[in-house]
Structure formats: structure tokens, C-alpha cells
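S.K.: Structure incoming, see below.
Values quoted throughout were computed directly from the atomic coordinates according to the rules given, and no laboratory measurement underlies them. Keep in mind that what you see is a predicted model, and the values were worked out from it rather than measured. We place every Cβ from the backbone using ideal geometry, glycine too, and count neighbours over all the protein chains shown.
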Amino acid sequence: MEKKKVLVTGASRGIGKAIAFALSEQYSLILHASKPESLESLLKELDGEHEVLCADFSEINAVKEFCSALKKMAGKSFYGVVNNAGVALDKPLMYQSLNDIDKMLNINVKAPLLISKTALKLFIGNKEGVIINMGSCVGETGNAFQVVYSMTKAAMVTMTKSIAKEVSLIDKSLNIRAVTVSPGFIDTDMTKSLSDDVKEKYLEMIPSSYFGDPNEVANVVKFALSAEAKYINGTNIAVNGGIV
Ligand SMILES: NC(=O)c1ccc[n+]([C@@H]2O[C@H](COP(=O)([O-])OP(=O)(O)OC[C@H]3O[C@@H](n4cnc5c(N)ncnc54)[C@H](OP(=O)(O)O)[C@@H]3O)[C@@H](O)[C@H]2O)c1
């Protein structure tokens, strides 16, 4: 039987790479990063046949071209989207450049929105599909020096809820879901640049007392995509070691 196809954005590093490993046996993947070179070694390491589709999401025209190419690649077995690619350009808001604000809005919000828009049409044709949007604990709590980033992650939560509600109004028989997965502090390039003082401060706030492993998020994404999770819809799953 043909494997179901799943798009994973930001698969070159960190959480996205762990998601690619977790899904690679069960699904045929469309792997995304900003450049194909950064996916070369991953493609060699993964089991199975997978495709690559790259775009720099900071450029909105590149996102549009990405969505057009996705439509052509998707086909009847297209089943899932993991909107994982994201950037955090931390700075006090009063010093944040318009360029960096636009980058975060394009990569973290407009790209997942346009990809979801494209995927929904394809899913309606296929009568099934799951969209997983990567949120963050700071999307709920807010965070100093992450005003824009936190805002973009809060947007994932409402985007997910609204998609779930909208799909059910279009046709209740459609087996289409949307779920947000919101990690806490995870050990990836995104958190490596934090100073030791800041890491110490965050660790004190995490009841599980460590920064999460990317695989701990990937396992939850794998479950949320699966048929076993079919009653999980429109909601936000926290994977954060208990941080509040
Ligand atoms: N790490 C954490 O503590 C944490 C916590 C909560 C939420 N998250 C969220 O989880 C997701 C993954 O985070 P991570 O920690 O794994 O980050 P990461 O290690 O920094 O990886 C980011 C991924 O996003 C892609 N990306 C970055 N800029 C891009 C651009 N301009 N165009 C296209 N793709 C781009 C990168 O691709 P390239 O290799 O091509 O740059 C990379 O694959 C993000 O949405 C992040 O907000 C992370």
C-alpha cells in the first residue's frame, strides 16, 4: 500500500529533524529547509523514499512558490503537514527592527498560514488530513525580549482552533484535524545561544528540571498525526516539563 505523505517544515535541525526521524518509517515525507544542502545528510540517514522542497520563508513570494510546488507534489496520498520551521530573534521590542519583525511574522505566521490554506484544499479533495502547528509555552505566558516571537506562537493556537471549527462547518464527514504542539525549552540551536545565567533561570522554572530533548516533542507530534489521536482536534498539547 502507498505510504501517506507528510510535509515537515524546518526538518534540517532540532525538533524538525527529530520529527523527520520519528515519521520516516511510517510516512513518505516532503522535507523542507531554507536550502537543499542542509537536508543532504538527513536524506542519507533516513529509511525510505522521501522528497525535498526548499524555500526561504522570510520571503513571502518564496512561500507562495513553495505552496504552488506543494500542490503539484502532494497527490492522493497527501495526509499531513507539520508547520515546524520557526525563528526567534530575541530583543527588547523598542530595539527590534522592522526587518526582524517581518521575518518572524513571515516565517512563523504567514508561512504556516499559507501552507495550511494550500493543504486544506488538498485534504478536502482527499477527505482526510492533519495539520500540526508548532507553538511554544511563551505563546501562552509571553516572555521578555520575545514580544514578537511570543505573539507569533499565540497565533498558532488560534489558527489551529479556528481551522478545526471551520472544517467542521464545511463538511462534518471530513476527517480533517488541526492540533498545536507547544514545546517548552528544548535543547536545540534555538536555545544554545542563551547565556548560562538565563539557562539557569529557566531551569528553575521547569519542574522536570531539564531542557527537553527534541525527540520528546517528535514523539508527541507522531501521536497527534496518527489515527489513534483522531479525537484530538483544535487543541494545544504542551510538551514543556511542567513549566507554567
Ligand atoms: N527549541 C525550543 O526551545 C523551542 C521551544 C518552543 C517552540 N519551539 C518551536 O519549535 C520549532 C523548531 O524549533 P527548533 O528549536 O528546532 O529550531 P532550530 O533548531 O533553530 O531549527 C529551526 C528550523 O527552522 C528552519 N528555518 C529557520 N529560518 C527559516 C527560513 N527563513 N526559511 C525556512 N526555514 C527556516 C531552519 O531551517 P534552516 O536549517 O534552513 O535554517 C530549521 O530547520 C520552531 O517553530 C520553534 O519556534 C522551539
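S.K.: Please give the charge dipole size of the range 5-239, origin at the Cα centre, charges +1 on K and R Cβ atoms and -1 on D and E Cβ atoms. Round to the nearest 20 debye.
M.R.: 1020 debye
S.K.: How much of the pair distance distribution for the range 1-84 lies past 16 Å, counting alpha-carbon pairs only, in percent?
M.R.: 46 percent
S.K.: Using the charge dipole of the chain (Lys, Arg: +1 at Cβ; Asp, Glu: -1 at Cβ; taken about the Cα centre), state which of G135, I170, T180 has its Cα farthest towards the positive end.
M.R.: I170
S.K.: According to the square roots a ≥ b ≥ c of the eigenvalues of the Cα gyration tensor, what is the shape class of the range 127-206, taking rounded for a/c under 1.5, prolate for a/b larger than b/c otherwise, and oblate for the remainder?
M.R.: Prolate shape, in that a/c is at least 1.5 and a/b is the bigger ratio.
S.K.: Order 78-85, 16-23 from most to least packed using the mean count of other Cβ atoms within 10 Å.
M.R.: By packing density, highest mean first, the sequence is 78-85, 16-23.
S.K.: For the chain, calculate the relative contact order in percent as a whole number, restricting contacts to Cα pairs under 8 Å that are 6 or more residues apart.
M.R.: It comes to 20 percent, rounded to a whole number.
S.K.: Next up: To the nearest 20 debye, what is the magnitude of the charge dipole of the range 108-214 about its Cα centre, counting +1 on the Cβ of each Lys and Arg and -1 on the Cβ of each Asp and Glu?
M.R.: So the magnitude is around 700 debye.
S.K.: Kindly rank 118-131, 184-197, 31-44 from highest to lowest mean number of other beta carbons found within 10 Å of each residue.
M.R.: Most protected by this proxy first, the peptides run 118-131, 31-44, 184-197.
S.K.: Only helical DSSP H runs with n ≥ 4 go in: add -39500 (n - 2.57) per run for the chain, normalise by residue count and round the 222 nm mean residue ellipticity to 500 deg cm²/dmol.
M.R.: About -13500 deg cm²/dmol.
S.K.: Evaluate 2.2 N^0.38 Å with N set to the residue count of the chain, then give the Cα radius of gyration divided by it.
M.R.: 0.97
S.K.: If the cut-off is 17 Å between C-alpha atoms, which lysines fall inside it for K192, apart from same-chain ones fewer than 8 positions away?
M.R.: K192 reaches K17, K91, K201.
S.K.: Would you work out which of S24, A88, L114 lies farthest towards the positive end of the dipole of the range 1-124, given +1 charges on the beta-carbon of Lys and Arg and -1 on that of Asp and Glu, about the Cα centre?
M.R.: Sorting the options by dipole projection puts first L114.
S.K.: With axes computed from alpha carbons, what is the tilt in degrees of helix 214-225 against the longest principal axis of the chain, rounded to the nearest 10 within 0 to 90?
M.R.: 40 degrees
S.K.: With the crude spin-label approximation of a point 7 Å out along Cα→Cβ, what separation in nm comes out for L169 versus D196?
M.R.: In this crude label model, L169 to D196 measures out at 5.5 nm.
S.K.: Find how many whole Å separate the alpha carbon centroid of the range 70-90 from the alpha carbon centroid of the range 147-205.
M.R.: Between the Cα centre of the range 147-205 and that of the range 70-90, the gap is 15 Å.
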